[in-house]
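Below is one structure; the comments refer to it alone.
Please treat every number below as a calculation from the coordinates, not as lab data. As the structure is a computational prediction, the values presented were derived from the model and not from experiment. Note that we place each Cβ from the backbone using ideal geometry, even for glycine, and neighbour counts take in every protein chain shown.
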Amino acid sequence: MHPRRIIIPVVLGLGVVLWLILRDININVLKEIDFTWKSVFWLFLAWCCMIGRDLGYMIRIRILSENDLNWRQAFRVIMLWEFTSAITPSTVGGTAVAVVFIHKEGLSVGRSTAVVLATSFLDELYFVIMFPLILLIVGSDILFTTSLEGSGGALLNNLTFVAIAGYGLILGWVLFVGYGLFFNPEGIRKTIIWVFKLPFLRRFNDSAVKAGNDIVESSHELKRKPFSFWVKAFTATFLSWTSRYWVINAILMAFFAISEHFLIFARQLVTWIMMILSPTPGGSGFAEIILGRYISDAIPVDAAHVGSIALAMAIIWRIISYYPYLIVGASIIPGWIQRKFIKRSAKKR
């Protein structure tokens, strides 16, 4: 992993944050926020929510690998996966290289691919189920409109369009992967082989054929799993993502008396759906701006100050939920590459 791949998203993210601070945050307003021991407690709970999210991911990947990955391996895979997601655009994410991470921890290429596809399927299935439920419970007008100046009908229309577009992409992916995993794994195999017949990928064709055959075999194994297997895997998925979406609630509780907890949860989930379309690494900039507007209604302060404070809360949210993966991933990946690639290549010689 070239250092430039790490530095670019960090600089981009920090640059966006600095621009937002200079443009929208009134430092004098921030002085009105009281930082107390209560703040420490709730910010600690926000960190615990993120830990719960990663723990849920680790439990799930162990379930999908049938415990062939131990806890340490599961931790490494999840941290490397999240790190890759943090340094690539949201439309790319870390899924493309997650197969490599899992394979290098001991699973075959085909089985690793099946685990990644199952993971992706469960993740997106969470959004496919939750988004309509949230719309039904909250309503689109409340979900997409805030009282912040400049965020009326125009913002409602824009955010609704972006959310529906993001949801459409997620739904399409769920249908494609679900069909391939549970109904027609042979179709995925043929698609992979067709892709690797392209001129610049042709030299990997033999490996692609083997991977495609392994996927078919692994998919047959996944289809034979009992219903309880999928219930456990989806429960871990549900707990993981839900834990993540309580982070902003805990941050707001650190400084204010909050009552609209479900609305905040709903808006954070929809923000993540919209981030699917963000071209920046990890959604940098987009997430801070949208969530900053989104949570403004929930903050009980003067309307003239709410914009600055809401954006500050969104930046704290990103510091807790995004930047730690850059730090942890950057600390793990050099040694991991040394062990899994360089030393093994030296042994083969």
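Listed peptides 178-185, 117-124 appear in the order 117-124, 178-185 once ranked by packing, highest mean of other Cβ atoms within 10 Å at the front. What is the calculated FRET efficiency for residue 210 to residue 257, with r their C-beta to C-beta distance and R₀ = 35 Å, to the nearest 0.05? The calculated FRET efficiency here is 0.05. All other residues whose Cβ lies under 12 angstrom from that of residue 63 are scored, Lys and Arg at +1 and Asp and Glu at -1, for a net of +2.
Distance from the C-alpha centroid of region 310-343 to that of region 232-250: 20 Å, rounded to the whole angstrom. Charge tally for residue 248 (other residues, Cβ to Cβ under 11 Å; Lys, Arg +1; Asp, Glu -1): +3.
Legend: residue pairs 190/223; 104/232; 104/190, Cα-Cα distance threshold 21 Å; pairs beyond threshold, 104/232; 104/190. Each residue, residue 228 and residue 67, gets one label point 7 Å from its Cα in the Cβ direction; the gap between the two is 1.3 nm. What the Cβ-Cβ distance of residue 337 and residue 33 gives, at R0 = 30 Å and to the nearest 0.05, is a FRET efficiency of 0.10. Measuring r between the beta carbons of residue 108 and residue 165 and using R0 = 41 Å, the FRET efficiency lands at 0.70. Between residue 203 and residue 184, what length comes free when the chain is fully extended (0.36 nm per residue of separation minus the Cα-Cα distance, one decimal in nm)? The residue 203-residue 184 span can extend by a further 4.2 nm.
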